[in-house]
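Structure first, commentary second.
The values are calculated or read from the model by the stated rules, or taken from the named source; none is laboratory data. What you are looking at is a predicted structure, and each value in this text was computed from that prediction instead of being measured. A quick note on method: Cβ atoms are made from the backbone with ideal geometry, for glycine too, and the neighbour counts reach across all protein chains shown. Remember, those area values only see protein heavy atoms, side chains included, never the ligands or the DNA or RNA. Shrake-Rupley method; radii C 1.70, N 1.55, O 1.52, S 1.80 Å.
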Amino acid sequence: MNDLPGLFDNLDIEISEEDFVVDQTANTPVRGNVSRATTNQDFKIDPGKLARASSLRFISFGSGSSGNCAYLGVDTGEGSATGILIDAGVEPDVVYGGLRDNKIDIKKISGILITHDHGDHVKYAYNIVRNNKHMVIYTTMRTMMGILRRHSISRRIKDYHKIIYKEFEFNAGGFVITAFETSHDGTENVGYAINTPDGTHHFVIATDTGRITERADFYLRNANYIVIESNYDLHKLMTGPYPEYLKARIVSERGHLDNTVAADYIKSIVSPRLSHVFLCHLSEENNTPQIAMTVMRDALLAKGLRIADPANPLMRDDTDIALAVLPRSNVSTQFILRHK
């Protein structure tokens with residue numbers, strides 16, 4: 001039942017757009033009783049003033065229905081990195097510990113990108129920003145309204161909210177970011193295309209989606225690094241203990257991606273520009289890392305690709321692509337993402 005959304009639902013709260021006051025001139029969140037969320041058009045970065053990114057740093061703190069959170073940072077090669085978090089469904093102590101272990105300063109993380117309003121993606125968002133007041137929460141207005149409606153969470157979370165819009169670029173953590181439509185049963189669901197301003201690195205995450213949408217396809221085809229959902233093995237799901245209504249929800253177009261669907265899709269778009277594929281949001285009951293890895297690996301081998309050792313998925317001269325499964329409940333290694 002862990003794949004069911006709304007573990008912390010509170011449907012008695014009524015939220016309206018009047019709860020949000022937009023200040024078109026503000027560039028930082030206003031801490032107070034009334035949120036003054038800004039639009040993404042207000043965010044400005046001058047790429048000419050930024051050092052060229054030599055590599056990206058990527059860490060997953062958890063990936064699955066028990067909690068999702070990841071870090072992506074841009075490393076200029078000068079011993080420093082800025083970055084963002086993606087989702088906030090993992091206990092803060094785990095996130096903070098993972099950052100410390102990898103010598104990443106949380107003060108240089110600008111905020112949290114939220115993909116949708118299910119509890120395994122947002123449970124700890126307010127806790128993190130409340131204790132790190134330099135950070136903000138980037139999400140659409142509908143998703144923020146869904147968070148407030150569905151969960152027992154402080155309404156002051158709005159004080160840390162910066163409104164973003166699908167298909168409109170915004171800047172955060174040293175990146176140029178675009179949210180795009182995914183297909184899931186949250187209030188509103190997005191993936192993120194996260195690029196360095198100099199155009200050298202293109203990172204795309206598409207999680208919690210029952211199908212690859214047209215807009216997700218557009219961004220995934222242009223990615224150097226992909227994080228894609230590989231949620232379930234169809235045979236395990238259909239022969240497992242889940243009730244029929246839950247099985248139907250999972251396999252629907254607004255549910256999750258099957259291993260084979262994810263693998264066939266990556267096989268169809270793979271090109272020399274794609275160097276890393278990470279499989280995320282594996283079901284504990286209906287999948288295993290070994291099954292998901294085998295299905296994706298076989299699909300890539302069928303294309304004639306040489307795949308990096310999954311125990312050390314970094315690019316080498318004798319490999320074409322790196323492949324790894326993100327752990328459900330543990331902090332991953334720090335992946336250094338750079339072009340071959």
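Miscellaneous remarks
- Per-peptide average of other Cβ atoms within 10 Å, ordering 210-219, 242-251 highest first: 210-219, 242-251
- Accessible surface ranking for V204, V261, 1.4 angstrom probe, highest first: V261, V204.
- Amide H contacts under 5 Å for T140, placed H, 5+ residues apart: I164
- Distant-in-sequence amide contacts of C69, defined by a placed amide H-H separation under 5 Å and a gap of 5 or more residues or a different chain, comprise F61, G62, G89.
- Computed from phi, the 3J(HN,Hα) profile of the range 211-219 under the Karplus parametrisation 6.51, -1.76, 1.60 (θ = phi - 60°) reads 7, 7, 6, 4, 6, 4, 4, 4, 6 Hz, with x in place of Gly and Pro.
- Taking Cβ atoms as reference points and 14 Å as the exclusive limit, the residues near H235 contribute a net charge of -1, counting Lys and Arg as +1 and Asp and Glu as -1.
- For E91, the accessible surface of its heavy atoms amounts to roughly 100 Å² (probe 1.4 Å, protein chains only, rounded to the nearest 10).
- Proportion of all alpha-carbon pairs of the range 137-233 beyond 17 Å (%): 54
- Summed residue charge, Cβ within 15 Å of R100's Cβ, Lys/Arg positive, Asp/Glu negative: 0
- Fraction of antiparallel bridges per DSSP, the range 190-291 only, in percent to nearest 5: 30
- By accessible area with a 1.4 Å probe, ligands and nucleic acids excluded, highest first: order of K162, K267, K103, K303: K103, K303, K267, K162
- Using the Cβ of R215 as centre and a radius below 13 Å, the other residues enclosed give a net charge of -1, where K and R count +1 and D and E count -1.
- Label-to-label distance, nm, for residues given as R273 and D309 (7 Å Cα→Cβ offset): 3.1
- Solvent-accessible area of D233 with every protein chain in place, 1.4 Å probe, in Å² to the nearest 10: 40
- Residue order for L301, L237 - accessible surface, 1.4 angstrom probe, largest first: L301, L237
- Distance in nm between pseudo-label sites at N127 and K107 (7 Å out along the Cβ direction from Cα): 2.4
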